[in-house]
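The values are calculated or read from the model by the stated rules, or taken from the named source; none is laboratory data. Everything quoted here is computed from the prediction, not taken from an experiment. Cβ atoms come from the backbone with ideal geometry, glycine included; neighbour counts cover every protein chain shown.
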Amino acid sequence: MISTVATTPFGDQKPGTSGLRKKVPVFQQPNYAENFIQSIFDSLENFNGETLVIGGDGRFYNREVIQKAIKMAAANGFGKVLVGKGGILSTPAASHVIRKYKAFGGIILSASHNPGGPTEDFGIKYNIGNGGPAPEKITDAIFARSKVIDTYKIVDATDLDLDVIGSVTVEGMAVEVIDPVADYAALMEELFDFGAIRNLFGLGFRMVFDAMSAVTGPYAKEIIERRLGAPEGTVRNFIPLPDFGGHHPDPNLVHAKQLYDEMMAGDAAPDFGAASDGDGDRNLIIGKGIFVTPSDSLAILAANADLAPGYAGGIAGIARSMPTSAAADRVAEKLGIGMYETPTGWKFFGNLLDAGKVTICGEESAGTGSNHVREKDGLWAVLLWLNILAVRGENVLDIVTQHWATYGRNYYSRHDYEEVDSDAANGLIAALRAKLESLPGTKIGDLTVTAADDFAYHDPVDQSVSKNQGIRILFEGGSRIVFRLSGTGTSGATLRVYIERYEPDASRHDLETQAALSDLIATAESIADIRVRTGRDAPSVIT
Ligand code: G6P
Ligand code: ZN
């Protein structure tokens, strides 16, 4: 039986960079999740009888919201739900399942790399039929609806057993509990030369993959150990836990420090280290003795993609988010292909991928992916690296240094100031905005400003315009500082300062990154008054 339940709106259901993210207790308020899910359905049209994919990263509260979402999908007229066993689907796997089964869309439950647990983060995101995050037109409609919603629809049914693969019906709607790994693993076998990678492991190549007690565990176990033959133990922390073992499932140098230290342990270090985040869309790549920045990784993967069978015909173009370094631009220039600069957020790549303008996309925030799905994909990046290493027969360090020698090196770092007072952070950005016009032509230390703006994106496919996407200050010689406020935090504001310097001279490619950027770091402070405005002496995280 369908119930129409009266509800009152919450004022804070505005989707951010990647869906609605809040602390678990916020989502646990009566009707909170239901309101948002109904607002999603109310913002969509013509889905009667269609298929909806539902899955999440297994974090605390995942199962509860999945049960609600299934019952609401039935009440709202969907014909079928595909749900991952145990409520599990990594974000890229969900994207693939939506595409493969031609679903109308999908609901992904995740707060990505944020911690999980009863007082930590949760999130709900809607993806459209191309498998990608809903564009702003839809997320704006969802928010508008959430502000006026007065009822939601749900069927009165008992909870489904999510742990048994198979089909059941809920009030006339079919629900299929699917293996969350199988379709994704098959896609990876199509894209990459598994034979070559298997041979590499056969030669004694040593790898460590840290699944960070998050969703990629079962995927990595199946693909890296079972199908590619890496020794058991290669994949660590492979059981997804609701609280990620109490850690931040964020594959960066702070939260994956143990892996980093192991990779820096000289000759004893494994050949290749990698990790992924809570929902499996981010990646960390570390070679023996060298961390590969996400911006460099994007450029190197793009330059070598044709070594993998899935990209043997070459790539159509590359897209990167604006704060991502320009390393990939040099690859696109050499290959004579298109290069697109988009705002932060994977959703901006969807149109370019659908239109066939680009094949590979990436962001400085450890996201890389391709047209195989419409999300970034952590394991995909790891497997493309493995494919390249297997075919080239060289180690990571050699591949990276050769890349720099060919294209020049973009020294790059991001300084984050987390949980800053929101007014202070907004004030800092407003003050920068007010200065923009006066900056070009001024000299700060040895640096001359050539241009300064607040980045606006004109989507070449649907002509939509997204304004205020980050303050850019460009200097002579290709150096750049970008200031932006994060769109993914759940408390206070996070100021991100992205610092980049281009160095064409190969004899200057082995400097320590922070030292190579020191003049720009000082300039960022003097332009933005970070210390005074945020009350912080130093960034909370440097990546
Ligand atoms: C998520 C999004 C990415 C984005 C990242 C950082 O992972 O999917 O597209 O780059 O968050 O966003 P933020 O707004 O916190 O800088
Ligand atoms: Zn993620």
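For this structure, a couple of remarks:
Condition check ((1) assigned by TED's automatic domain parsing to the domain that holds Asp454; (2) of a type in the set (S, T, N, Q); (3) surrounded by 16 or more Cβ atoms within 10 Å (Cβ to Cβ)) across all residues:
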{"position": "Arg484", "(1), (2), (3)": "yes, no, yes"}
{"position": "Ala493", "(1), (2), (3)": "yes, no, yes"}
{"position": "Tyr498", "(1), (2), (3)": "yes, no, yes"}
{"position": "Pro504", "(1), (2), (3)": "yes, no, no"}
{"position": "Arg508", "(1), (2), (3)": "yes, no, no"}
{"position": "Ala515", "(1), (2), (3)": "yes, no, no"}
{"position": "Leu520", "(1), (2), (3)": "yes, no, yes"}
{"position": "Thr523", "(1), (2), (3)": "yes, yes, yes"}
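- When Ser297 is tested against (1) small (Gly, Ala, Ser); (2) within 16 Å of ligand 1 (Cβ to nearest atom); (3) assigned to a loop (DSSP other than H, G, I, E, B), only condition (3) is not met.
- Restricting attention to region 447-495 and to residues that are charged (D, E, K, R) and under 30 Å from Ala405 (Cβ atoms), the residue that is nearest to ligand 1 (Cβ to nearest atom) turns out to be Arg472.
- Looking only at region 352-371, and only at residues there that are more than 9 Å from Ala319 (Cβ to Cβ), surrounded by fewer than 22 Cβ atoms within 10 Å (Cβ to Cβ) and not hydrophobic (A, V, I, L, M, F, W, C), the one that is farthest from ligand 2 (Cβ to nearest atom): Gly356
- Residue within region 141-152 that is small (Gly, Ala, Ser), within 23 Å of the chain's Cα centre (by Cα) and surrounded by 17 or more Cβ atoms within 10 Å (Cβ to Cβ) present: no
- Among residues of region 89-115 that are under 13 Å from Asn62 (Cα atoms), those with a beta-carbon under 6 Å from a residue that is more than 15 Å from ligand 2 (Cβ to nearest atom) and part of a helix (DSSP H, G or I) at least six positions away or on a different chain give the pairs Ile107/Ala69; Leu109/Val65.
- Out of Val24, Val5, sole residue that is among the hydrophobic types (A, V, I, L, M, F, W, C) and over 30 Å from Ile239 (Cα atoms): Val5
- Candidates Ala424, Ala405, filtered to the one that is assigned to a helix (DSSP H, G or I), touching a His at 6+ places or on another chain (Cβ under 8 Å) and over 28 Å from Arg198 (Cα atoms): Ala405
- Odd one out for Ala69, checked against (1) touching a residue at least 12 places away in the same chain (Cβ under 8 Å); (2) within 29 Å of His458 (Cα to Cα); (3) more than 16 Å from ligand 1 (Cβ to nearest atom): (2)
- Ser479, sole failed condition from (1) more than 16 Å from ligand 2 (Cβ to nearest atom); (2) at pLDDT below 95: (2)
- Taking residues in region 485-506 that are touching a residue at least 40 places away in the same chain (Cβ under 8 Å) and at positive phi, and partners anywhere that are in a strand (DSSP E or B) and buried (at least 20 other Cβ atoms within 10 Å of the Cβ), the pairs with Cβ atoms closer than 6 Å and at least 6 places apart or on different chains are Gly492/Val420.
- When residues in region 509-527 are screened for being in contact (Cβ under 8 Å) with a residue 60 or more places away in the chain, within 20 Å of Thr401 (Cβ to Cβ) and more than 24 Å from the chain's Cα centre (by Cα), 5 of them pass.
- Where Arg374 falls short, out of the listed (1) within 16 Å of ligand 1 (Cβ to nearest atom); (2) surrounded by 24 or more Cβ atoms within 10 Å (Cβ to Cβ); (3) in a helix (DSSP H, G or I): (3)
- Selection from region 406-432 of residues that are farther than 21 Å from Ser321 by Cα, more than 23 Å from the chain's Cα centre (by Cα) and either assigned by TED's automatic domain parsing to the domain that holds Gly229 or not aliphatic (A, V, I, L, M) (or both): Thr406, Asp421, Ser422, Asp423, Asn426, Gly427
- Any hit, region 207-227, residues being closer than 21 Å to Ala308 by Cα, modelled with pLDDT of 95 or more and not in a helix (DSSP H, G or I): yes
- Some residue of region 293-311 being acidic (Asp, Glu), away from ligand 2 (no atom under 16 Å from the Cβ) and touching a residue at least 60 places away in the same chain (Cβ under 8 Å): yes
- Just so you know, in region 377-402 the residues that are among the small types (Gly, Ala, Ser) and in a helix (DSSP H, G or I) include one that is farthest from Ala186 (Cα to Cα), and it is Ala390.
- Complete set of residues in region 2-20 that are under 29 Å from Ser365 (Cα atoms), of a type outside the set (Gly, Ala, Ser) and in a loop (DSSP other than H, G, I, E, B): Asp12, Gln13, Lys14, Pro15, Thr17
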